[in-house]
Amino acid sequence: MYVSVLGTDLTRVTTTAEFALGQLAAVVTNSGTKVYKYVQYDEGSAGVDGVAGEVTYYYTLDGYKNNKVTSDLSDSVEIGAGVLQAVMSDDEYGWIQIKGAATLTIALTAGADGDPLTPTGSADGTLDVSASATDNVCAIAGDISDKEIICTFPE
């Protein structure tokens with residue numbers, strides 16, 4: 001179930017949870033619907049803050065069920081989580097975009113417009129072209145030259 005986000009700042013980051021972890025929110029505009037998920041960020045072993053517009057992955061094996069994400073691909077099980085809406089530090093709470101058109105701050109590792117995208121084979125904070133049927137496909141390349149994707153991350 002989606003919560004109304006009227007008046008909610010999707011770029012707000014806090015040190016204590018303001019919504020239930022995993023809460024979904026939808027924003028409907030003339031250009032389509034975007035869906036967001038409320039999560040907790042973990043810097044992972046890289047110890048680096050997440051950047052707005054960067055792709056996150058579910059943190060370790062239990063990341064999905066615990067709604068915990070990271071931009072450190074090496075600390076994930078290569079399941080894409082969503083696109084950060086703000087800079088986030090270790091153990092902070094905020095929103096990631098999981099559905100709809102998004103613009104990344106980091107270029108895709110490879111690919112062409114329309115390609116299916118996966119964390120597998122990518123670098124931290126971005127996606128690569130899916131090369132195997134077993135890859136977690138979590139987005140579609142939109143206009144690669146503008147770093148645009150269409151999010152299809154799991155709810």
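The values are calculated or read from the model by the stated rules, or taken from the named source; none is laboratory data. Source: prediction; values computed, not measured. Positions of Cβ are backbone-derived with ideal geometry, glycine not excepted, and every protein chain shown enters the neighbour counts. Ligands, DNA and RNA are excluded from the accessible area calculation, which covers all protein heavy atoms including side chains. Shrake-Rupley method; radii C 1.70, N 1.55, O 1.52, S 1.80 Å.
Checked against (1) in a strand (DSSP E or B); (2) more than 12 Å from the chain's Cα centre (by Cα), GLY22 passes all but a single condition, namely (1).
Of all residues in segment 1-17, those satisfying the criterion of being modelled with pLDDT of 95 or more and surrounded by 13 or more Cβ atoms within 10 Å (Cβ to Cβ) are VAL13, ALA17. When GLY100 is evaluated against the numbered criteria (1) farther than 23 Å from SER145 by Cα; (2) in contact with a strand residue (DSSP E or B) (Cβ under 8 Å, 6 or more places away or on another chain), which criterion, by number, is the only one it fails? Looking at each condition in turn, GLY100 falls short on (1). Scanning segment 61-72 for any residue that is assigned to a strand (DSSP E or B), modelled with pLDDT under 95 and more than 24 Å from LEU10 (Cβ to Cβ) turns up nothing. Candidates are the residues of segment 54-83 that are open to solvent by less than 10 Å² (accessible area, probe 1.4 Å) and closer than 18 Å to ASP146 by Cβ; the one that is nearest to the chain's Cα centre (by Cα) is VAL83.
Kindly provide the set of residues from segment 22-42 that are touching a residue at least 60 places away in the same chain (Cβ under 8 Å) and open to solvent by 60 Å² or more (accessible area, probe 1.4 Å), ordered by number. Passing the criteria: SER31, THR33, LYS34. Restricting attention to segment 138-148 and to residues that are under 25 Å from ALA46 (Cα atoms) and either modelled with pLDDT under 95 or assigned to a strand (DSSP E or B) (or both), the residue that is least open to solvent (accessible area, probe 1.4 Å) turns out to be ALA139.
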